[in-house]
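The values are calculated or read from the model by the stated rules, or taken from the named source; none is laboratory data. All figures in this text were calculated on a predicted structure; none of them were measured in a lab. Every residue, glycine among them, receives a Cβ derived from its backbone with ideal geometry; neighbour counts consider all protein chains shown. To get the accessible areas, we keep the full protein, side chains included, count just its heavy atoms, and leave off ligands, DNA and RNA. Shrake-Rupley method; radii C 1.70, N 1.55, O 1.52, S 1.80 Å.
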Amino acid sequence: VPIILFVPWGVRPSGSFGQSEISVLERINKFQDGLTKRNIPSQVLIMPADLYATEVNNQVGDEQVVDYFGKVATFASKSFRFTIKPWSTIRTENWQTYQAKAQKLTPLAIRALLTPYKIQEAIAAAKRRSGYETAEDIQSAAFRYLRERICEAEIVEANFQPIKLSAVPKAKDNEVDMTLPRLYIIPERQQFPWLK
């Protein structure tokens, strides 16, 4: 059974798919080649975080999300035979499980589950990147993001038993990835390739 290398992929708010994304995908492919040489079969699963851009945040238009992730999917699947499965698809396939988890993750429950630092970090990120302007909308976006990340981690782990290859700093994943195993092979200068 191949190891699933799970790679969530954010949306590019402006500009277009280019060298920063290609470099990270090449690094992931090189890592996979290293596993193959050691007789460890693996499969890379790229997960476009489409609903984070369109539903959690008010970051970019639907058309831009579809266009950008289409380019990521085409390059990753044709160049490296990576599997592409957006969060919207994974969530739909696990809708009952998702709903049950999401309903329990009220802001109060999230505050009990995560540290105050993690919550403040999410609010600060929502202020910078959510596209919302009022304090209430920003806080609401932050809690939607935290809820979605927790649900994602639990559903992905239950369905794929993967190792997450994160393209962001470890601090961004702490707490919200719950018990999902993680590896960090992307150098700091290449992290967040969709924001470069």
>> Springs between alpha-carbon pairs under 10 angstrom, Gaussian network model over the chain: which of Ala100, Ala76, Ala125 fluctuates most?
In response: Ala100
>> From the phi angles alone, apply the Karplus equation (6.51, -1.76, 1.60; θ = phi - 60°) to the stretch 34-48 and give each ³J(HN,Hα) in whole Hz, x where the residue is Gly or Pro.
In response: x, 5, 4, 5, 9, 6, 10, x, 8, 9, 8, 10, 8, 10, x
> Dividing the alpha-carbon radius of gyration of the chain by 2.2 N^0.38 Å (N being the number of residues), what value is obtained?
Replying inline: 1.00
> When the Cα centres of the stretch 162-186 and the stretch 19-89 are compared, how far apart do they sit, in Å?
Replying inline: 15 Å
>> If I compute solvent accessible area with a 1.4 Å probe over the protein chains, what percent of it on the stretch 40-82 is carbon and sulfur?
In response: 49 percent
> On the first, second and third principal axes, largest extent first, how far apart are the outermost C-alpha atoms of the stretch 120-196 in Å?
Replying inline: 38, 30, 18
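Set the Förster radius R0 to 30 Å, insert the Cβ-Cβ distance between Gln120 and Lys196 as r into 1/(1 + (r/R0)^6), and round the FRET efficiency to 0.05.
Details: r = 26 Å, r/R0 = 0.85.
E between Gln120 and Lys196, to the nearest 0.05, is 0.70.
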